[in-house]
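A.B. asks: I have a structure here, written as structure tokens, and I will follow up with some questions on it.
The values are calculated or read from the model by the stated rules, or taken from the named source; none is laboratory data. All values derive from a computational prediction rather than experimental measurement. Cβ coordinates were reconstructed from backbone atoms using ideal geometry, including for glycine residues, and neighbour counts include every protein chain displayed.
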């Protein structure tokens, strides 16, 4: 599974003492002027390997031109007593993964200010070619497999967002909770026209980042453009504003990827959603979700997991034309 720290195989495993929590609390997004429902399909499959993205939710609508993606701390975040990173390759065969074992990547800081850093990485192997150029402040950088966004918080730097230019995968997390030094990455998402090339991907022509607005401008190979802007980043959540323009209407516009082996070994175990004119939330275990037309969707965990426990829940919403 991809991680913003260094490579796809790295995850965070959490040890916790006496932790048991049930009952998620949705973070309500401000509703757009007119709600728009989108179709979500669930193509998840059961696996034994905790490092495979076997959870797959796909978002479809020919009308959507903007929406929000939100990463929020799980409801039990304040109960975690010990958090450490360690991959779990039990029942995994990683020999066919070109990123597994991609040690000692080349690292370069491609932008730096007093409160914002963009760091690029080039691995010695990856599953797709690193041919997407990244432009910042009139400079162009090529050959990058991964971008990290770091911000300054309380006199130290925190990594909050990751983008993989070769396949269009993103990961987001809020600032670390209270006195925690860090929290884990977990689920991934894609924005833009989704196609399947061995696995779901968004193929990018180029990426431009504007440090002033904290906005990524994207050009898609399948057609059209988009942007991802960091709207809010604090100790509770990170909110990303996404816009799409002239993208192919027949292709999904977003995808959510994660892992699930069992409820106690998962980055996402439950899903909840709102339907148009529905009086309340519906919820079910992620592997039982049959799909729905939603105006908002939450995917996360209601109870402790030994895999990436501090990783955020994810919310998709504010779909609009």
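A.B. asks: Going residue by residue through segment 86-99, is there one that turns out to be in contact with a helix residue (DSSP H, G or I) (Cβ under 7 Å, 6 or more places away or on another chain) and either in a loop (DSSP other than H, G, I, E, B) or at pLDDT 85 or above (or both)? I'd like the intermediate steps shown before the answer.
C.D. replies: Taking segment 86-99 and keeping what is in contact with a helix residue (DSSP H, G or I) (Cβ under 7 Å, 6 or more places away or on another chain), we get none.
Looking for residues that are in contact with a helix residue (DSSP H, G or I) (Cβ under 7 Å, 6 or more places away or on another chain) and either in a loop (DSSP other than H, G, I, E, B) or at pLDDT 85 or above (or both), one finds none in segment 86-99, hence no.
A.B. asks: Look at segment 170-199 and say how many of its residues are in a strand (DSSP E or B) and farther than 23 Å from residue 215 by Cα. Don't jump to the end; show me each part of the working.
C.D. replies: In the first step, residues of segment 170-199 are kept if they are in a strand (DSSP E or B); the result is 170-172, 188-191, 195-196.
In the following step, the residues that additionally are farther than 23 Å from residue 215 by Cα were identified as 195-196.
Summing the residues that are in a strand (DSSP E or B) and farther than 23 Å from residue 215 by Cα in segment 170-199 gives 2.
A.B. asks: Considering segment 242-265 alone, what residues qualify as being assigned to a loop (DSSP other than H, G, I, E, B) and touching a residue at least 40 places away in the same chain (Cβ under 8 Å)?
C.D. replies: Within segment 242-265, the subset assigned to a loop (DSSP other than H, G, I, E, B) is 246-253, 259, 263-264.
Selection gives 247, 248, 249, 250, 251, 252, 253, 259, 263, 264.
A.B. asks: OK, next. Within segment 171-188, take every residue that is crowded, with 24+ Cβ neighbours inside 10 Å and out of contact with any helix residue (DSSP H, G or I) (no Cβ under 9 Å at 6 or more places or on another chain) and give me the one that is nearest to residue 63 (Cα to Cα). Quick ask: steps written out before the conclusion?
C.D. replies: Narrowing segment 171-188 to residues crowded, with 24+ Cβ neighbours inside 10 Å: 171-173, 183, 185-188.
Filter once more, keeping what is out of contact with any helix residue (DSSP H, G or I) (no Cβ under 9 Å at 6 or more places or on another chain): 171-173, 185-188.
Numbers: 171: 25, 172: 25, 173: 28, 185: 31, 186: 29, 187: 26, 188: 23 Å.
Only one residue tops the list, namely 188.
A.B. asks: Here's a follow-up. Looking only at segment 145-169, filter to residues that are part of a loop (DSSP other than H, G, I, E, B) and under 19 Å from the mean Cα position of the chain (by Cα); which one of those is surrounded by the fewest Cβ atoms within 10 Å (Cβ to Cβ)?
C.D. replies: Of segment 145-169, the ones part of a loop (DSSP other than H, G, I, E, B) are 145, 154-155, 165-168.
Remaining after also requiring under 19 Å from the mean Cα position of the chain (by Cα): 145, 165-168.
On the way: 145: 26, 165: 24, 166: 19, 167: 23, 168: 27.
Looking at residues that are part of a loop (DSSP other than H, G, I, E, B) and under 19 Å from the mean Cα position of the chain (by Cα), I get 166.
A.B. asks: Given 228, 239, 268, which one is touching a residue at least 12 places away in the same chain (Cβ under 8 Å), under 30 Å from residue 177 (Cβ atoms), under 15 Å from the mean Cα position of the chain (by Cα) and assigned to a loop (DSSP other than H, G, I, E, B)? First the steps, then the outcome.
C.D. replies: On the way: 228 fails: assigned to a loop (DSSP other than H, G, I, E, B); 239 fails: assigned to a loop (DSSP other than H, G, I, E, B).
None of the others qualify; the one that does is 268.
A.B. asks: Considering only residues that are surrounded by fewer than 21 Cβ atoms within 10 Å (Cβ to Cβ) and modelled with pLDDT under 95, which ones fall in segment 55-75?
C.D. replies: Of everything in segment 55-75, just one residue is surrounded by fewer than 21 Cβ atoms within 10 Å (Cβ to Cβ) and modelled with pLDDT under 95, namely 75.
A.B. asks: Still on this structure, I have one more. Yes or no: residue 268 crowded, with 20+ Cβ neighbours inside 10 Å and farther than 19 Å from residue 83 by Cβ? Walk me through how you get there before you give the answer.
C.D. replies: Values: crowded, with 20+ Cβ neighbours inside 10 Å: yes; farther than 19 Å from residue 83 by Cβ: no.
So residue 268 does not fit the description; no.
Results for (1) under 16 Å from residue 221 (Cβ atoms); (2) at pLDDT 95 or above, shown as yes or no for each residue.
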| residue | (1), (2) |
| --- | --- |
| 133 | yes, yes |
| 140 | no, yes |
| 146 | no, yes |
| 149 | no, yes |
| 184 | no, no |
| 205 | yes, yes |
